[in-house]
Amino acid sequence: MVERRTREFELVEAAYGELEVSPSLDWLIVKRWPLEAGWNKRETAVLVLIPTGYPVTPPDNLFTDADLCLADGRAPGNAEGTIDHNGRRWRQFSYHVDAGDWQPHADPLKGHNILTFLEGARQRLTEAN
C-alpha cells in the first residue's frame with residue numbers, strides 16, 4: 001500500500017506541483033493550486049484526506065484555504081463549513097465521487113486514483129460559484 005500511495009503522490013506532484021504529504025500517507029496538500037477568475041485569490045492550497053479503506057473507498061470532500069471565497073466576498077456554494085487539520089483551518093467543499101463511478105485498479109495508472117479524484121475536483125474549483 002505504501003508503494004501505491006507513493007506512486008500516486010508522484011503522479012499528483014507531476015500534475016500539480018509541490019506537495020506536502022503526511023508521514024503516514026493519509027493526507028496530502030497541493031501547495032499552490034491555481035484558480036480561475038471569479039475567486040478572491042489566484043491560488044490556494046488543496047488538502048485531500050485519504051480514507052482508511054482507500055483505494056476501494058475514494059476520498060471525500062475537498063479542502064482549500066479557509067479564506068477562499070468568491071471575488072465578491074461571498075462564500076462559495078456547497079462550501080460553508082471549515083475543519084481544523086494539521087495545525088490550520090480549511091474550507092470544506094462538498095465534492096463526492098459516486099460509488100459506481102469510482103473504479104480503482106491494482107495498477108493506479110489503469111483505474112481511479114488520487115490524481116483522477118483531483119481532476120474531478122478541479123472542475124469544482126473551476127466553477128467560481
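Residue under question is residue 56, and the condition is that it be out of contact with any Cys (no Cβ under 6 Å at 6 or more places or on another chain), touching a residue at least 24 places away in the same chain (Cβ under 8 Å) and within 15 Å of residue 112 (Cα to Cα); does it hold? Answer is yes for this residue.
Among strands (runs of 3 or more DSSP E) entirely within the range 16-87, having at least 2 residues that are within 20 Å of residue 120 (Cα to Cα), touching a strand residue (DSSP E or B) at 6+ places or on another chain (Cβ under 7 Å) and β-branched (Val, Ile, Thr) singles out 27-34, 43-49.
Looking at the range 77-90, can you tell me whether even one residue there is crowded, with 17+ Cβ neighbours inside 10 Å, of a type outside the set (Ser, Thr, Tyr) and modelled with pLDDT of 95 or more? Yes, the range 77-90 contains a residue that is crowded, with 17+ Cβ neighbours inside 10 Å, of a type outside the set (Ser, Thr, Tyr) and modelled with pLDDT of 95 or more.
Please go through the range 35-65 and pick out each residue that is aliphatic (A, V, I, L, M) and crowded, with 16+ Cβ neighbours inside 10 Å.
Hits for the range 35-65 are 35, 45, 46, 47, 48, 49, 50, 62.
Six or more apart or on different chains, Cβ atoms under 9 Å: show the pairs whose first residue is in the range 104-125 and in contact (Cβ under 8 Å) with a residue 12 or more places away in the chain and whose second is part of a helix (DSSP H, G or I) and among the acidic types (Asp, Glu). Filtered contacts from the range 104-125: 108/8; 112/101; 113/8; 114/8; 115/8; 120/101. Inspect all residues belonging to the range 2-12 and state whether any of them is in contact with a strand residue (DSSP E or B) (Cβ under 6 Å, 6 or more places away or on another chain) and free of Cβ contacts under 8 Å to residues at least 60 places away in the same chain. The answer is no; no qualifying residue exists. For the range 66-76, the set of residues classified as surrounded by fewer than 13 Cβ atoms within 10 Å (Cβ to Cβ) and either out of contact with any Gly (no Cβ under 6 Å at 6 or more places or on another chain) or on the phi > 0 side of the Ramachandran plot (or both) consists of 67, 72, 73, 74, 75, listed by residue number.
The values are calculated or read from the model by the stated rules, or taken from the named source; none is laboratory data. Given the structure is predicted, the values throughout are model-derived calculations rather than measurements. Neighbour counts run over all protein chains shown; Cβ positions are idealised from the backbone, glycine included.
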